[in-house]
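The values are calculated or read from the model by the stated rules, or taken from the named source; none is laboratory data. From a predicted model like this one, the values you see are computed outputs, not experimental measurements. Ideal geometry is used to build each Cβ from the backbone, glycine not excepted, and the neighbour counts take in all protein chains shown.
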Amino acid sequence: MRWILVALLALWSSAAMAATPIKVMILDGASAAAYHDWKLGTQIFKRQLEETGLFEVAVVTVPPSDGDFSNVHPDFTKYQVVVLNYDSQYWPAQIKTEFENYMKNGGGLVVVHGADNAFPDWPAFNEMIGVGGWRKRDAPAGPKWYYQNGKLTSDTAPGPAGMHGKRRPFRLTARAPQHPILRGLPAEWTHAADELYTRLRGPGKNMTVLATAYADPANRGTGFDEPMLMALTWGKGRIFHSTMGHDALALSCVGFMTTFQRGTEWAATGRVTQKIPRNFPTADSVSYRADLAAMDPAQADGVLTTLPK
Ligand code: ZN
């Protein structure tokens, strides 16, 4: 009897999870303000990653910049990828050095939305994310990067970094369709209502812009196609950067979720093995997961005010 149980258990566990799960650290603990609910964000990220069956997720919570770091020591080396759900001004030098060493030696990093506001004075971090916004970034942070006339352009004109209009759905255009993260996705798809980040600045080194979105001047946009999804390398490390994901509704977009799941796998391994879901959004229609949006109590009543016409 016992061997049957053991055999069944082995079968079950191999079906439920890939042979060797990818070890993910979701690092959270701070956001610039209450409008980025990092606790809720972590729950949604964890669920999206675990649903693939590919990842084993641990959550590591650290204090904001002004907190007590004396007993804080995240061990990055135990993980293949760090999902940064954290936005604060600075970190102690020791943690920064350990994180840089982790990335130099082939670590993975995923940066979502407000996490690209973090650490304006940490040069290595700004190289890793390629572009960032707010926290007094200006010309010294690097040029603004956007697509103009179908080409990636860097703009050194001074001015503050980071702006967005009202939360509306917007259309993404693939710029590197053969990149593993995008392979098989449509050339265009509509993202659920979200902030469209513009005027981001940074070194833009070793950066592949995977997808852009047109920032409509009618909604405080620049009139340029702004970078939305990026893949970068730093040392032997890989970085996936999504500027989208302001709240539960934005995070519940199937387009966000799919690129986040695929980007996390790519940052960890350099490959993507996941299939594209059938309900992936099209050029003209939004597709979102109502169960994920409802994890936000404000969305739970089913009132989604910003669906496209
Ligand atoms: Zn936001």
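Output the residues belonging to the stretch 77-86 that are assigned to a loop (DSSP other than H, G, I, E, B) and crowded, with 24+ Cβ neighbours inside 10 Å.
86
Looking at the stretch 17-66, which of the residues that are hydroxyl-bearing (Ser, Thr, Tyr) and under 15 Å from the mean Cα position of the chain (by Cα) is surrounded by the fewest Cβ atoms within 10 Å (Cβ to Cβ)?
Here the answer is 42.
May I ask you to list the residues in the stretch 77-135 that are in contact with a Ser or Thr (Cβ under 8 Å, 6 or more places away or on another chain), over 17 Å from residue 237 (Cα atoms) and more than 16 Å from the ligand (Cβ to nearest atom)?
Across the stretch 77-135, the qualifying residues are 89, 90, 91, 119.
Just to verify a result, which residue in the stretch 239-292, among those that are within 13 Å of the chain's Cα centre (by Cα) and charged (D, E, K, R), is modelled with the lowest pLDDT?
Among those residues, the one meeting the criterion is 247.
What are the residues in the stretch 244-292 that are within 16 Å of the ligand (Cβ to nearest atom), assigned to a helix (DSSP H, G or I) and farther than 22 Å from residue 22 by Cα, if any?
Across the stretch 244-292, the qualifying residues are 248, 249, 250.
Of all residues in the stretch 67-89, how many are acidic (Asp, Glu) and in contact with a helix residue (DSSP H, G or I) (Cβ under 6 Å, 6 or more places away or on another chain)?
Number of matching residues: 1.
Considering only residues that are within 16 Å of the ligand (Cβ to nearest atom), within 17 Å of the chain's Cα centre (by Cα) and more than 20 Å from residue 288 (Cβ to Cβ), which ones fall in the stretch 193-202?
Scanning the stretch 193-202 gives 198, 200.
Do the conditions hold for residue 185, that is, is it under 15 Å from the mean Cα position of the chain (by Cα) and either of a type in the set (A, V, I, L, M) or modelled with pLDDT under 95 (or both)?
No: the conditions fail for residue 185.
Restricting the search to the stretch 189-232, which residues are of a type outside the set (Val, Ile, Thr), assigned to a loop (DSSP other than H, G, I, E, B) and under 18 Å from residue 155 (Cα atoms)?
Residues satisfying the conditions are 197, 199, 200, 202, 203, 204, 205, 206, 215, 221, 223, 224.
I need the full set of residues from the stretch 35-73 which are among the aromatic types (Phe, Trp, Tyr), closer than 18 Å to residue 296 by Cβ and touching a Phe, Trp or Tyr at 6+ places or on another chain (Cβ under 8 Å), in order please.
Answer for the stretch 35-73, where residues must be among the aromatic types (Phe, Trp, Tyr), closer than 18 Å to residue 296 by Cβ and touching a Phe, Trp or Tyr at 6+ places or on another chain (Cβ under 8 Å): 38, 45.
So the check is Cβ under 9 Å with 6+ separation or different chains; which pairs have a first residue in the stretch 34-50 that's over 12 Å from residue 293 (Cβ atoms) and aromatic (Phe, Trp, Tyr) and a second one that's away from the ligand (no atom under 15 Å from the Cβ) and part of a helix (DSSP H, G or I)?
45/260; 45/264
Applying the selection to the stretch 150-192, what residues are farther than 26 Å from residue 266 by Cα and either of a type in the set (Asp, Glu) or within 15 Å of the ligand (Cβ to nearest atom) (or both)?
155, 161, 162, 163, 164, 165, 166, 167, 168
Return yes when residue 120 is out of contact with any helix residue (DSSP H, G or I) (no Cβ under 6 Å at 6 or more places or on another chain) and closer than 23 Å to residue 209 by Cβ and no when it is not.
yes
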